[in-house]
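What follows is calculated from the coordinates using simple rules that are stated; it is not laboratory data. No experiment lies behind these values; they were computed from the predicted model shown. We place every Cβ from the backbone using ideal geometry, glycine too, and count neighbours over all the protein chains shown.
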Amino acid sequence: MSHEPLLKTEHLTKSFVARRDVLGRPKRYVHAVRDISIHVEEGETLGLVGESGCGKSTLGRAILRLHEPSSGRVFFRGKEITTLSKRELRPLRREMQIIFQDPHGSLNPRMTIRSILEEPLKVHGIAESKSELDDRVEALMKRVGLRPDQLDRYPHEFSGGQKQRIGIARAIALSPSFIVADEPISALDVSIQAQIVNLLRDLQDDLGLTYLFIAHDLSIVEYLSHRVAVMYLGRVVEEGPARELYEAPLHPYTKALMSAAPSPDPRREKKRLILHGDLPSPLDPPSGCAFHPRCPIARKGICDRDEPPLRTVVPKRKAACHFAGEF
Amino acid sequence: MSDALLKVSDLRLSFSIEGTRTPALRGVSFEVGRGKVLGIVGESGSGKSVSSLAVMRLLHGTTAKVESGSALYEGRDLFKLSEREMRSIRGGELGMIFQEPMSSLNPVFRVGDQIVEAIRAHRKLVRKEALEEAIRLLERVGIPDPRERARAFPHELSGGMRQRVMIAIALAAGPRLLIADEPTTALDMTIQAQILDLLRELKGELGMSIILITHDLGVVADIADEVAVMYAGKIVEHAPIRELLERPRHPYTRGLLASLPSFRDNLTKPRLPTIPGVVPDLRSLPTGCAFAPRCAYAQDVCRDVDPEESRSGGARFRCHFPQESELQ
Ligand SMILES: Nc1ncnc2c1ncn2[C@@H]1O[C@H](COP(=O)(O)OP(=O)(O)O)[C@@H](O)[C@H]1O
Ligand SMILES: Nc1ncnc2c1ncn2[C@@H]1O[C@H](COP(=O)(O)OP(=O)(O)O)[C@@H](O)[C@H]1O
Ligand code: SF4
Ligand SMILES: [Mg+2]
Ligand SMILES: [Mg+2]
């Protein structure tokens, strides 16, 4: 390989202890993220979609080491970060940030916006003097479309969309290169979502940001992403360039997810592929292909037995299905 | 549309908030045809839930006060019925399901028993017959192994299954109108598709009317015959679905549709069209049209005079400058 992607994971796995026995020893594990190998190129957005509980947030956090991975490796600019100590990790924290879904819960209600934005700058010793700090936080406010004269207010004085702008300002305060955006617009009103989507896109263009953009709204992911990875029960089941993936999904789950997304455009033809059954529990994933109990093309003796690897099906496109593309 | 099953006219309702009466519904009018689905869309706080709860007269215990308006169901004004008459209609001819079924199910009773109770509240069946009927209903709403599942407690079921149980309970009384308030909002996409499909089937099979409340225009497009768009306590546009999606008259409806990434050729645009500003606070509404501060078409008259309802084609809307062009 001649060039390194900005971010890369190799066989990244994260399990949580779900239950302990009477002696406090782990008895059961939730395999939240299993064997995930993805990469994100510099300046690119990798969209991550899948239904709740499939492991999107866990993957985002394991990449940032907000959760310690159970196994597997994460590389940032070609350097493995999974083995770094907390102290060695610290300079990298400036480079890798996160935006949360719930803008309200992620802002300390007792801190003014000014102190919320100053905090990372102080911790990382970016701005020393008072005037330097003032300049920085004022510029941040303007950058995310808020008025600097609102800096001394508290989070509850802002609307949901404005709070999310503050969350974004905090994430870009240290001039990071990589941001995990974990469902940043899911909690916002419909008329506010497009405002925040545009802001994220502008920031990417102006600051050269790289995003891992997590969402369950497929159309927003399609709009923002260069490439997309689809997760099901802890694994990536399909990955590829956004346009191709949306136009002709290779994995039956991707196809079902797309046909389930209701579109308000009357000109869009409605193809309906309704899956049967519920999402299985990650505590007890089905044998073989985890999707087989709900899959419309599953074959007995194959899908219920062998777990399909994520393999390249056509150039630049991968899918984890024994019959990828054959439907 | 004289053939409406339910016709709500000029409903005005306020809550007392910190001692002052604050309007929540400011003259809401809509109607639901027989065997039709009316979608009510709007952002949070616009008054969707309060509208349906008011019609069902389920706002006791709050500071809500109906100031004026009527809700004619089969020609009878629901607001004029005695509490007893209303009780027999509610959960009978009028069924309701909510976003979070867990809050409407009793956690300590088996779901089968809860359906049996709903059946026996409306029909004279002995327990055994009612249980058979409950199992048939569970099967009808797509619950696998219904005999087995009837013995489950609510917490033992998934969110999607619980919503199916709620639908079964509503169906137990043979409703003619089902009000579904964000029934799929808490569910995953593939489960949402299942539930919408079930509602569509039930509508066809039972000739039931449905009011489907949602913030998702895609859901409405998927299932509704007519749509009412709410903004700050008013219905700003009421139109047949196709007409609303192709030729939205109200600037708010246009703005909402145009801002969706999946609409028309938005995917190829470097920026999404947006509606500027935020939803207004009902405690300090602007005079004139409540949308004026965010509206690209607003003139002085909009800031002074709240628009009356006007009509064009099959649509009704409240706007001084309705747009007639197709949305591009
Ligand atoms: N801190 C935790 N402890 C135990 N289980 C967890 C924890 N965080 C997530 N999980 C479990 O891991 C799975 C994946 O969760 P998550 O990554 O939050 O999914 P998503 O973001 O796709 O909705 C779920 O089954 C969830 O219950
Ligand atoms: N019990 C209540 N007491 C006071 N205000 C209420 C109550 N229920 C709803 N409201 C207010 O009425 C308005 C409409 O609410 P609602 O109908 O729930 O909106 P939505 O369109 O999100 O369903 C909101 O401003 C809300 O705060
Ligand atoms: S591997 Fe089999 S079960 Fe899994 S998705 Fe492909 S066809 Fe379906
Ligand atoms: Mg998540
Ligand atoms: Mg509501």
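Before moving on, here are some points about what is shown:
- Compactness relative to 2.2 N^0.38 Å, alpha carbon Rg of segment B:236-292: 1.32
- Sequence-separation-based contact order of segment A:97-170, relative, with Cα cut under 8 Å and 6+ spacing, percent: 47 percent
- Calculated [222 nm] ellipticity per residue, helices only, for the protein assembly as shown: -9000 deg cm²/dmol; basis is -39500 (n - 2.57) per DSSP H run with n ≥ 4, divided by all residues, nearest 500.
- GNM top mover of B:Val236, B:Val41, B:Val50 - chain B, alpha-carbon springs below 10 Å: B:Val50
- Sparse-neighbourhood loop sites, chymotrypsin sites (Phe, Trp or Tyr not before Pro) in segment A:1-95 - DSSP loop, at most 15 other Cβ within 10 angstrom: none
- Fluctuation leader among A:Gly125, A:Gly47, A:Gly160 - chain A, Gaussian network, Cα springs under 10 angstrom: A:Gly125
- Estimated Rh, segment A:119-192: Kirkwood, alpha-carbon pairs, angstrom: 13.3 Å
- Chain A: angle of helix A:113-123 to the longest principal axis, Cα-based, in degrees nearest 10: 80 degrees
- Per residue, the Cα convex hull of chain B amounts to 148 Å³.
- Counting DSSP beta bridges with both ends in chain B, the antiparallel % (nearest 5): 65 percent
- Extending 7 Å from Cα along the Cβ direction at B:Glu93 and again at B:Leu327 yields two label points whose distance is 3.5 nm.
- Looking at the protein assembly as shown alone, DSSP beta bridges between its own residues are antiparallel in about 60 percent of cases.
- Relative contact order of segment A:226-327, defined on C-alpha pairs under 8 angstrom at six or more residues apart (%): 30 percent
- Residue pairs exceeding 19 angstrom between C-alpha atoms, taken from B:Lys36/B:Lys203; A:Lys14/A:Lys316; B:Lys65/B:Lys234; A:Lys8/A:Lys79: A:Lys14/A:Lys316.
- Computed P(r) (all Cα pairs; the protein assembly as shown; 20 Å bins; percent): 17, 48, 32, 3, 0
- Across chain B, the longest piece that holds none of the GluC sites (Glu not before Pro) lying in DSSP loops with up to 14 other C-beta atoms within 10 Å covers B:75-307.
- Applying the criteria of a DSSP loop state and at most 15 other Cβ atoms within 10 Å to the trypsin sites (Lys or Arg not before Pro) of segment A:1-75 yields no site.
- Legend: mean number of C-beta atoms from other chains within 10 angstrom of residue C-beta atoms, peptide B:216-224, equals 4.
- Unit Cα scatterers, Debye sum, segment B:1-52: log10 I(q)/I(0) for q = 0.17, 0.22 Å⁻¹: -0.60, -0.87
- Compared with the dominant principal axis of the Cα atoms in chain B, helix B:189-206 is inclined by about 80°.
- Tilt relative to chain B, helix B:111-122 - C-alpha long axis, 0 to 90 degrees, to 10: 80 degrees
- Listed residues A:Leu84, A:Leu23, A:Leu250, most fluctuating in chain A (Gaussian network, C-alpha, under 10 Å): A:Leu23
- Scaling against 2.2 N^0.38 Å puts the C-alpha radius of gyration of segment A:226-327 at 1.07.
- For segment A:209-227 versus segment A:150-177, the inter-centroid distance based on Cα atoms is 21 Å.
- Segment A:90-244: antiparallel DSSP beta bridges as a percent of all, rounded to 5: 40 percent
- When the P(r) is computed for chain A, the part past 25 Å accounts for 54% of the Cα-Cα pairs.
- Of the trypsin sites (Lys or Arg not before Pro) found in segment A:285-327, those in coil by DSSP whose Cβ has at most 16 other Cβ atoms within 10 Å are A:Arg299, A:Lys300, A:Arg305, A:Lys316.
- Take the convex hull of the alpha carbons in segment B:56-187; its mean projected area over all directions comes to 9.0 nm².
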